[in-house]
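K.L.:
Have a look at the structure that comes next, please.
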Amino acid sequence: MNKAIFLDRDGTLIYDWGYLRDWRKIKFYRSVIPALKILEQSGFRLIIITNQSGLARGLLTVNQLHQIHRRLIQLLRNKGVKISAIYYCPHHPEENCRCRKPKTLLYQKARRRFQLDFSRSYVIGEKVSDIQAGKNIGAKTGLVLTGQGRKERKILLAQGIKPDLVAGNLLSVAKWIIGKNKALYF
């Protein structure tokens, strides 16, 4: 069985512009490329799982979303990073679908496709839904304080949900995962 790093997109890998519609606005956080390289070199598949309710809200088209994802993959490939797959939920939060994080349908699809062992995998994001999804599949979880991470951390504390680690950025999480950084906090 393989291991994976499941990554949120907006606020974790790239700046969250609120319903990104144009691939030209993709901007990575400074720590993302080195972090992804470390994780990939450590034998993890890199898989993005993202809620994209902008589709259901009519704020972007499927074609626009696919352009964004193609460009995101290309930009990372140009930096020497391979994304194995991107899975997205196109539904409105009120639709109560099975694919919207923190539900696990998209993770289960990735598990079947790549023969993944969730117990050896991590879910990393900056929202409560990322941490809950990770717990729901039995993976380790990492909250990054980029994007809405600082605000979401307070919600996690209030709800009594504890990620396995909390860090300022993805590079700190990557170093913790591979055992090079022990000083993370909650």
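Bear in mind these aren't lab numbers, they're just calculated from the coordinates by the rules spelled out. Nothing here was measured: the structure is a model prediction, and the numbers come from that model. Note that each Cβ is placed from the backbone with ideal geometry, even for glycine, and that neighbours are counted across all protein chains shown.
K.L.:
Which value, in debye to the nearest 20, describes the size of the charge dipole of the chain about its Cα centre when Lys and Arg Cβ atoms bear +1, Asp and Glu Cβ atoms bear -1, and nothing else is charged?
P.N.:
380
K.L.:
Here's something else I'd like to know. If you build a Gaussian network model of the chain, linking Cα atoms that sit under 10 Å apart, which residue out of Thr141, Thr12, Thr104 swings the most?
P.N.:
Comparing Thr141, Thr12, Thr104 in a Gaussian network model of the chain, the most mobile one is Thr104.
K.L.:
Which of Lys27/Lys175; Lys25/Lys162; Lys79/Lys175 have a Cα-Cα distance over 29 Å?
P.N.:
Lys25/Lys162
K.L.:
Still on this structure, please answer the following. Kindly write out, for region 18-28 in residue order, the coupling ³J(HN,Hα) from the Karplus curve 6.51 cos²θ - 1.76 cosθ + 1.60 (θ = phi - 60°), rounded to whole Hz, with x marking Gly and Pro.
P.N.:
x, 6, 4, 10, 10, 4, 5, 8, 5, 9, 6
K.L.:
In addition: Net charge around Lys82, counting only other residues with Cβ within less than 9 Å of its Cβ (Lys, Arg = +1; Asp, Glu = -1)?
P.N.:
Summing Lys/Arg as +1 and Asp/Glu as -1 gives +1.
K.L.:
Under the rule of at least 5 residues apart or a separate chain, name every residue whose amide H is placed under 5 Å from the amide H of Val166.
P.N.:
Sorted by chain and number, the residues that satisfy this are Leu143, Tyr185.
K.L.:
Calculate one ³J(HN,Hα) per residue across region 51-61 by plugging θ = phi - 60° into the Karplus curve 6.51 cos²θ - 1.76 cosθ + 1.60, and present them in order as whole Hz with x for glycine and proline.
P.N.:
3J(HN,Hα) across region 51-61, in whole Hz: 7, 10, 5, x, 5, 5, 7, x, 8, 7, 9.
K.L.:
Still on this structure: If each residue's Cβ is checked for other Cβ atoms within 10 Å, how do Leu55, Leu170, Leu36 rank with the fewest at the top?
P.N.:
So the residues, fewest neighbours to most, are Leu55, Leu36, Leu170.
K.L.:
How big is the convex hull of the Cα atoms of the chain, per residue, in Å³?
P.N.:
In the chain, the Cα hull volume divided by residue count equals 107 Å³.
K.L.:
Let me ask you something else. Taking amide H positions as placed 1.01 Å from N in the peptide plane, with prolines and chain starts having none, which residues 5 or more places from His91, or on another chain, fall under 5 Å of its amide H?
P.N.:
Correct list: Gln52.
K.L.:
For the chain, modelled as a Gaussian network with Cα springs under 10 Å, which listed residue fluctuates most, Gln159, Gln52, Gln148?
P.N.:
In this elastic network of the chain, the residue with the biggest mean-square fluctuation among Gln159, Gln52, Gln148 is Gln159.
K.L.:
Follow-up question, since we're still on this one. Hey, in the chain, which Cys have no second cysteine's beta-carbon closer than 4.7 Å?
P.N.:
Cys97
K.L.:
Something else now. Placing +1 at every Lys and Arg Cβ and -1 at every Asp and Glu Cβ, with all other atoms neutral, what dipole size does region 115-162 have around its Cα centre, in debye to the nearest 20?
P.N.:
With only Lys, Arg, Asp and Glu charged at Cβ, the dipole is about 200 debye.
K.L.:
Which shape class, rounded, prolate or oblate, goes with region 1-105 when its Cα gyration tensor gives a ≥ b ≥ c as root eigenvalues, a/c under 1.5 marks rounded, and past that a/b bigger than b/c marks prolate?
P.N.:
Taking the square roots of the gyration eigenvalues as a ≥ b ≥ c, region 1-105 is oblate.
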